[in-house]
1. Please identify the pairs in which a residue from the range 50-71 that is touching a residue at least 40 places away in the same chain (Cβ under 8 Å) has its Cβ atom under 7 Å from the Cβ atom of a residue that is open to solvent by 60 Å² or more (accessible area, probe 1.4 Å) and in a strand (DSSP E or B), counting only partners at least 6 apart or on another chain.
2. Among the listed residues LYS19, LYS3, LYS91, identify the single one that is in a loop (DSSP other than H, G, I, E, B), of a type in the set (Lys, Arg) and either surrounded by fewer than 18 Cβ atoms within 10 Å (Cβ to Cβ) or touching a residue at least 40 places away in the same chain (Cβ under 8 Å) (or both).
3. Looking at the structure I just gave you, is VAL35 outside any helix (DSSP H, G or I), closer than 23 Å to ALA110 by Cα, in contact with a Gly (Cβ under 6 Å, 6 or more places away or on another chain) and not hydroxyl-bearing (Ser, Thr, Tyr)?
4. Scan the range 188-245 residue by residue and report those that are open to solvent by less than 60 Å² (accessible area, probe 1.4 Å) and assigned to a strand (DSSP E or B).
5. Within the range 290-309, track down each residue that is within 17 Å of ALA246 (Cα to Cα) and within 20 Å of the chain's Cα centre (by Cα).
6. Take the residues in the range 102-127 that are of a type in the set (Val, Ile, Thr) and over 10 Å from the mean Cα position of the chain (by Cα), then tell me which one is nearest to TYR198 (Cα to Cα).
7. Answer yes if at least one residue in the range 310-322 is over 25 Å from GLY150 (Cβ atoms) and outside any strand (DSSP E or B), and no otherwise.
8. Identify, by number, the condition in (1) among the aliphatic types (A, V, I, L, M); (2) in contact with a helix residue (DSSP H, G or I) (Cβ under 7 Å, 6 or more places away or on another chain); (3) part of a loop (DSSP other than H, G, I, E, B); (4) open to solvent by less than 10 Å² (accessible area, probe 1.4 Å) that ALA430 doesn't meet.
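The values are calculated or read from the model by the stated rules, or taken from the named source; none is laboratory data. The shown structure was predicted, so the numbers you read here are calculated from the model rather than taken from an experiment. So basically every Cβ, Gly included, is an ideal-geometry build from the backbone, and we count neighbours across all protein chains shown. Just the protein is used for accessible areas: all its heavy atoms, side chains included, with ligands, DNA and RNA removed. Shrake-Rupley method; radii C 1.70, N 1.55, O 1.52, S 1.80 Å.
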Amino acid sequence: MKKISTYENKKVLVLGLAKSGFSAAKLLHELGALVTVNDGKPFDENPEAQELLSMGIKVITGSHPIELLDEEFSLLVKNPGIPYSHPFVSKAQELGIPVITEVELAYEVAECPIIGITGTNGKTTTTTMTGLLLNAEKNDGIARLAGNIGYPASSVAQEATKEDKIVMELSSFQLMGITEFRPHIAVITNIYEAHIDYHGTRDEYVKAKWQLQKNMTESDYLILNWNQSELRELSKTTKATVLPFATEQELSKGAYSLNGSIFYDQEKIMDSSELGVPGAHNVENALAAISVAKLYGVSNTAIKQTLQLFHGVPHRTQYVGEVQGRKFYNDSKATNILATKMALSGFTPETLVLIAGGLDRGNSFDALIPSLTGLKALIVFGETKEKLMEAGKKAGIPIIETAENAESAVPVSLRLSGEGDVILLSPANASWDQYPNFEIRGERFMDAINKLENVEASDN
């Protein structure tokens, strides 16, 4: 990593731990900063805070005392999940303390190019595909995944060499806290309405996403979903070199799909049906990843072979395995209606059993009805089961049953399905009514599948 002196003897406050805050605190300490960490979790339940204290870092846990800001900090590094409306953050801004997120630190110390990937849906799949494609024909260095995908960016940036590339998944929360951050290549998979509870309005959400390109120049590449008129309009305001991708339309330059085939610069790479993950949304994800790969000179043969073998990332339309002729897919990451609609688009409805349900946020599921039409069966669970049942009835689904939770829905789905059918967990809801997070929901679903008899495992 770059040995920078920016933070030597500077008082820096890290607000919120988790993975990113823990990583940021250690990096700042190594860079010579006078670090204070403030985290809401009590000290005796906080192993990260305990480790940081053992390193000589000042730690304050259990609450967020406003008077802490009287210590005249030069910088506040905020956990992305803490909103700017939080009283502590608001007060810091009033005092003129710069507020950033951990990805800004990563950029400052990274020695290698950064590929930044954001969007409402498809970020993790596109990031994973991109990393695999860039590593398919590597000579010097490797592509390292980082960011919102689960690997703290500031940790990865410390490990990466000049020959490497960092493929960084970025959320709108992270992008709000950048100042100088500049990826060499950036991707926006799509933009839909999301996280309004955090951003306040859709305009503010889009503004946060568009932060990704704010420091880019014409020597950098911005890869955009040309299916979306909003992104086409926004493209007129960037200094970066725009590279579009699109489905069902021919482009003179860039990646596109047409008549069941995938092309780059009008040269065919593979058939869309050869992708290892189903769905029109995954064609879009593949096009975005291919765009990055081609900018780095990856061959068509390597792209095809890699994407044929890619069967998805955990909890995102992930192929789990086959049981008694039924194929099971785990899409626990589908925590909203749009994500479930996209997942459903990848399957034949007549042979599909959908498992859905979760936290009730007060919304209806009328927008999901067109995607539910034609399904073989629907199994609902959680707080929203009654609402989903009503949507299923409106869609004319012939068989609708309830289950206690995602895992207890597995044997029910086996009973309702036949050989050749697909069983899909795609909840369309957050998990917090019954599970700590969507990962645990997905893991328990997969555990229940593995407990069934005659399981044929996936190739993952």
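1. Hits for this filter: GLU71/LYS11.
2. LYS3
3. So VAL35 fails the test.
4. ILE188, LEU222, ILE223, LEU224, ASN225, THR241, VAL242, LEU243, PRO244, PHE245 - these are the residues of the range 188-245 that are open to solvent by less than 60 Å² (accessible area, probe 1.4 Å) and assigned to a strand (DSSP E or B).
5. ILE290, SER291, VAL292, ALA293
6. VAL103
7. For the range 310-322, residues over 25 Å from GLY150 (Cβ atoms) and outside any strand (DSSP E or B): absent.
8. Among (1) among the aliphatic types (A, V, I, L, M); (2) in contact with a helix residue (DSSP H, G or I) (Cβ under 7 Å, 6 or more places away or on another chain); (3) part of a loop (DSSP other than H, G, I, E, B); (4) open to solvent by less than 10 Å² (accessible area, probe 1.4 Å), ALA430 violates only (2).
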